[in-house]
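Q: Here you go, one structure.
Rule-based calculations on the coordinates, nothing more; no lab input. These numbers come from a predicted model, not from an experiment. A quick note on method: Cβ atoms are made from the backbone with ideal geometry, for glycine too, and the neighbour counts reach across all protein chains shown.
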Amino acid sequence: MQSETTHKKTGKNGGRILRVLTYMLLAFWGLVVLFPFYWMVLTSIKSYGAYNSEYVPKLYTLSPTLQNYADAFTAVPLARYFANTVFFTAATTALMLAVTVLAAYAFARLNFRGKNFLFVLFLSLMMIPNELVVITNYVTITNLDLRNTFSGLILPSVTSVFYIYLLKENFEQVPDQLYYAAKVDGTSDLKYLIKVMLPLCRPTIVTITILKAIECWNSYVWPRLATDDPQYYLVSNGIQSIRENGFGRENIPAMMAAVVVISLPLIVLFLFFRKMIMAGVSRGGTKG
Amino acid sequence: MEKKSLKGWLYLLPAILFLGFFMVYPLIDVFVYSFEENYNFASQTYSGMGSYNYSYVLRDPYFLQAVRNTFLLVVITVPLSTGLALLISVALSSIRPLKQLFQTVFFLPYVTNTLAVGLVFMILFKRTAYTDGFVNLLLSWFGAGPVDFIDGPYAAKLFVLCLYTIWVVMPFKILILTSALASVNQTYYNAARIDGTSRTRIFFRITLPMISPTLVYLIITGFIGAFKAYSDAVALFGTNLNAAGMNTIVGYVYDMLYGSSGGYPSYASAAAILLFAIVLTITCINLLVSRKHVHYFS
């Protein structure tokens, strides 16, 4: 450990105190992060009666129950919200990938007139905040009669200029020789893109897929504007409507069961793809 | 050559269509909307062009309340979260055992649904007829009286909102700062160690200058992000933020557009452009200030 050798001035004792303080700080923040998760799982397995009789909340429960989970799926259309979100996430991400891959390939590999100008134009679009364009999109979708449809939900959520940029950078690292060799063999551009470029750039593809999926799963603002029919609610809107008029305001345990169900998929995804997600976010994440 | 040119545009066609239709056109349109007076959403008519929408928004008490809330939120959460993230990242990079575990745990809020976990925060802080809630239990151990953080005094509500915002933005900042700290060239530290430099001096003379570009990046994105706060507030206080007195500028835009007080895209556009102007100004100031203080190393 490098720092073991550094405390000539602080001395061995000072170093140990510092180490203890360091771990205490980290443990404290770990507790702050994890406690809400603990509380949500804990509350979700307390029975309705038990929860409401605790004037002083208990930090544990001796009689866990899964009844709340059953309630969450029967009393409110949680399964539908869930299915909607899965479909929305899959469709949006797939469309985004198709659009992004084609555009990135054009910018990285093909030559055409106006390419540089168009690329600068694309880059400048990265600075446009979503709040500015959402107003017109809402009006457009309303006028096209696309509110409360999946097209209305999905189409405005597809574009991601930043991912085009990210993928283009990656495509450009693929050696030109491969392209010329493929051309000599008579391979078409599309075939080259699918058979050579995509496998070579798999990590970036996976990264942007996961980042987009997270974004879709958690999106709230656009789905709220584009839908007011619970048939088309996504989980974020679902949880909000559950909160406002779902189980009746007092059934907090069932509400927490719904929250657990909604949070679980992304947490599982994260635990599986931890390295990839964290690397991806540090390259291209924007939240905070 | 001509055919090749066509191919490039063909590959870009989907992206151009999507961006043109859902980004470029709306961007132009939002400026037009903001100057159309008395725009009627149902009949799509307006009486004339002018700056009335702006003066209406600027005189609307709800907008002023939203601006106040947003500014307070920004001023409180950006320095606190950046400072805390720096402290935690420095702590993280000084340890080896359990480092990965801590990193994983600290990142968890990033992958959670803001609306869903906000509900948990609400329950932790809320005081109802049946229970004072967990946070009030903690307070009572220190002899402090029960406070309703969700429907109670303004300061208490602002406190919860700031706390939750910080909780949500920390993972990103910790991640970015940890990788910045890891990329500082070790030779600087080795040289300082040979000279017997103290830890504090090493931190302020080497570490901080070396990671200052990252810090500036985080502060700027932090400002932008905090100015756009909305769903955190919805998660804690419900969709009727005006009634709760906790609306944000973005919340005001959406309320004007949609919801019980909605149907006014012109006011929404004017408010959105005002927000954009504020964010742009602050970002420029940030950049100007940082240019004087940041060390860029090649």
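Q: Just to confirm my numbers, what's the Cα centroid distance between the stretch A:214-237 and the stretch A:120-158 in Å?
A: When both Cα centres are located, 14 Å separates them.
Q: Distance from the Cα centre of the stretch B:158-230 to that of the stretch B:56-88, in angstrom?
A: 21
Q: Let me ask you something else. Once the dipole of the protein assembly as shown is set up with Lys and Arg at +1 and Asp and Glu at -1 on Cβ about the Cα centre, which of B:Val117, A:Thr74, B:Thr131 lies farthest towards its positive end?
A: B:Val117
Q: For every other residue with a beta carbon closer than 10 angstrom to the beta carbon of B:Asp132, add +1 if it is Lys or Arg and -1 if Asp or Glu, then tell me the sum.
A: On the way: positive: B:Lys126, B:Arg127; negative: B:Asp148.
Result for the local shell: +1.
Q: Considering chain B as a Gaussian network with a 10 Å cut-off on Cα pairs, which listed residue, B:Pro109, B:Pro14, B:Pro97, attains the greatest mean-square fluctuation?
A: Largest GNM mean-square fluctuation: B:Pro14.
Q: Under 13 Å from the Cβ of B:Ala271, count the other residues' Cβ atoms, weight Lys and Arg +1, Asp and Glu -1, and hand me the total.
A: -1
Q: Contact order normalised by length for chain B, with contacts defined as Cα pairs under 8 Å and 6 or more residues apart; what percent is it? It would help to have the intermediate numbers written out before the result.
A: On the way: 324 pairs, mean separation 79.0, N = 298.
It rounds to 26 percent for chain B.
Q: Now for a separate question. Averaging sequence separations of C-alpha pairs under 8 Å and six or more residues apart, then dividing by the length of chain A, give the relative contact order as a whole percent.
A: It comes to 31 percent, rounded to a whole number.
Q: Still on this model: Using a 10 Å cut-off on Cβ to Cβ distances, tally the other chain neighbours for every residue of B:246-258 and report the average as a whole number. Don't skip to the end; give the middle numbers.
A: Working: counts 0, 0, 0, 1, 5, 1, 0, 5, 7, 0, 1, 5, 9.
Averaged over the peptide's residues, the number is 3.
Q: May I pose another question? Given labels modelled 7 Å from the Cα in the Cβ direction, how far is it in nm from A:Phe272 to B:Ile220?
A: With each label point 7 Å from Cα toward Cβ, the separation is 3.7 nm.
Q: In peptide B:84-93, how many Cβ atoms from other protein chains are near each Cβ within 10 Å, on average?
A: On the way: counts 2, 2, 0, 3, 6, 0, 2, 9, 4, 0.
Mean shielding count: 3.
Q: Right, another one. So, R0 is 45 Å and r is the distance between the beta-carbons of A:Lys191 and A:Phe87; what FRET efficiency does that work out to, to 0.05? Write out the running numbers ahead of the final one.
A: Values: r = 30 Å, r/R0 = 0.67.
Calculated transfer efficiency: 0.90.
Q: Then there is this: Once you've got the Cα coordinates, tell me which of A:Lys212/B:Lys292; A:Lys212/B:Lys228; A:Lys46/B:Lys99 are over 27 Å apart. Kindly include the intermediate steps, with their values, before the conclusion.
A: Values: A:Lys212/B:Lys292 36 Å; A:Lys212/B:Lys228 20 Å; A:Lys46/B:Lys99 33 Å.
Pairs exceeding 27 Å: A:Lys212/B:Lys292; A:Lys46/B:Lys99.
Q: Using 1/(1 + (r/R0)^6) with R0 = 35 angstrom and r between the beta carbons of B:Phe203 and A:Leu34, what's the FRET efficiency to the nearest 0.05?
A: 0.80
Q: I've got another one for you. Could you tell me which residue out of B:Met256, B:Ala15, B:Ser179 lies farthest along the dipole of chain B toward its positive end? Charges go on the beta carbon: Lys and Arg +1, Asp and Glu -1, centred on the Cα centre.
A: About the Cα centre, the residue reaching furthest to the positive side is B:Ser179.
Q: Here's a follow-up. Once you have the Cα-Cα distance between B:Asn185 and B:Leu287, take 0.36 nm times their residue separation minus that, and quote the gain in nm to one decimal. List each step's numbers first, then the result.
A: Numbers: separation 102, 0.36 × 102 = 36.72 nm, distance 2.54 nm.
Fully extending the segment from B:Asn185 to B:Leu287 adds 34.2 nm.
Q: Rounded to the nearest 0.05, what FRET efficiency is calculated for B:Ser140 and B:Ala277 with R0 set to 45 Å and r the Cβ-Cβ distance? Could the numbers behind the result be given before it?
A: Values: r = 46 Å, r/R0 = 1.02.
Efficiency for this residue pair is about 0.45.
Q: Rank A:Val76, A:Val174, A:Val261 by mean-square fluctuation in a GNM of chain A with C-alpha springs under 10 angstrom and give only the top-ranked residue.
A: Maximum among the listed residues: A:Val174.
Q: What does the structure give for B:22-32 when I average, per residue, the other chain Cβ atoms found within 10 Å of the residue Cβ? Present the calculation step by step, with values, prior to reporting the outcome.
A: Values: counts 11, 10, 4, 4, 11, 6, 2, 7, 8, 1, 1.
For peptide B:22-32, the averaged partner shielding equals 6.
Q: Name the residue, out of B:Asn53, B:Asn38, B:Asn69, whose mean-square fluctuation peaks in a Gaussian network model built on chain B with Cα pairs under 10 Å.
A: B:Asn38
Q: Work out the length of the dipole vector of the protein assembly as shown about its Cα centre, built from +1 on the beta-carbon of each Lys and Arg and -1 on the beta-carbon of each Asp and Glu, and round it to the nearest 20 debye. Spell out each step's value before the answer.
A: Numbers: 43 positive and 26 negative charges, 500 e Å.
Charge dipole, the protein assembly as shown, about its Cα centre: 2400 debye, nearest 20.
Q: A further question follows. How far apart, in nanometres, would the label points at A:Asp145 and A:Tyr55 be if each is projected 7 angstrom from Cα along the Cα-to-Cβ direction?
A: If labels sit at A:Asp145 and A:Tyr55, their model points lie 5.9 nm apart.
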